[in-house]
Amino acid sequence: QVQLVESGGGLVQPGGSLRLSCVVSGSIFSFYIMGWYRQAPGKQRDLVASITTGGRTNYGVAVKGRFTISRDNGKNTVYLEMNSLQPEDTAVYYCNTMPPIRAYWGQGTQVTVSS
């Protein structure tokens, strides 16, 4: 059974940093492009960043230059390093394949940027 578990969120001041982790159980990790998504209150869930199995990355315009996605295929884990956080980055962050598979959505991890 495939399960994706996100962690690392929290409350941070504007300008601060956080590192999110997503551990993927099951045997899918090595075969899929992985992505981080976020959903702010009242808004749709959007793709933030993605990474191929070979490590090629892509970022949304809003986070490019501030966020870094990476993956450790040996640990079945994908990371999102977030720097220079701003209040508009406040959201629940999820990982999933890219494109996402509905059955793989987890609980997400809350990131709140506030002074």
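Before moving on, here are some points about what is shown:
- The number of residues in the stretch 19-49 that are surrounded by fewer than 21 Cβ atoms within 10 Å (Cβ to Cβ), of a type outside the set (Lys, Arg), in contact with a strand residue (DSSP E or B) (Cβ under 7 Å, 6 or more places away or on another chain) and under 30 Å from residue 114 (Cβ atoms) comes to 6.
- Among the residues of the stretch 65-115, those that are small (Gly, Ala, Ser) and in contact with an Asp or Glu (Cβ under 8 Å, 6 or more places away or on another chain) comprise 70, 106, 108.
This table checks each residue for (1) modelled with pLDDT under 95; (2) in a loop (DSSP other than H, G, I, E, B); (3) more than 17 Å from residue 3 (Cβ to Cβ).
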position: 41; (1), (2), (3): yes, yes, yes
position: 49; (1), (2), (3): no, no, yes
position: 64; (1), (2), (3): no, yes, yes
position: 68; (1), (2), (3): no, no, yes
position: 81; (1), (2), (3): no, no, yes
position: 85; (1), (2), (3): no, yes, yes
position: 88; (1), (2), (3): no, no, yes
position: 93; (1), (2), (3): no, no, no
position: 103; (1), (2), (3): yes, no, no
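- First in the stretch 62-80 and touching a residue at least 60 places away in the same chain (Cβ under 8 Å) and closer than 10 Å to residue 21 by Cα, second anywhere and of a type outside the set (Gly, Ala, Ser) and surrounded by fewer than 20 Cβ atoms within 10 Å (Cβ to Cβ), Cβ under 7 Å, 6 or more apart: 79/19
- The stretch 1-52, subset more than 15 Å from the chain's Cα centre (by Cα) and hydrophobic (A, V, I, L, M, F, W, C), residue farthest from residue 104 (Cα to Cα): 12
- Residue that is most open to solvent (accessible area, probe 1.4 Å) [pool: residues in the stretch 58-115 that are out of contact with any Ser or Thr (no Cβ under 7 Å at 6 or more places or on another chain) and among the aromatic types (Phe, Trp, Tyr)]: 105
- Residue list for the stretch 1-14, restricted to those being at pLDDT 95 or above, part of a loop (DSSP other than H, G, I, E, B) and open to solvent by less than 50 Å² (accessible area, probe 1.4 Å): 8, 9
The values are calculated or read from the model by the stated rules, or taken from the named source; none is laboratory data. Not measured: the values here are computed from a predicted model. Cβ atoms come from the backbone with ideal geometry, glycine included; neighbour counts cover every protein chain shown. Note: areas computed on protein heavy atoms with side chains; ligands, DNA, RNA excluded. Shrake-Rupley method; radii C 1.70, N 1.55, O 1.52, S 1.80 Å.
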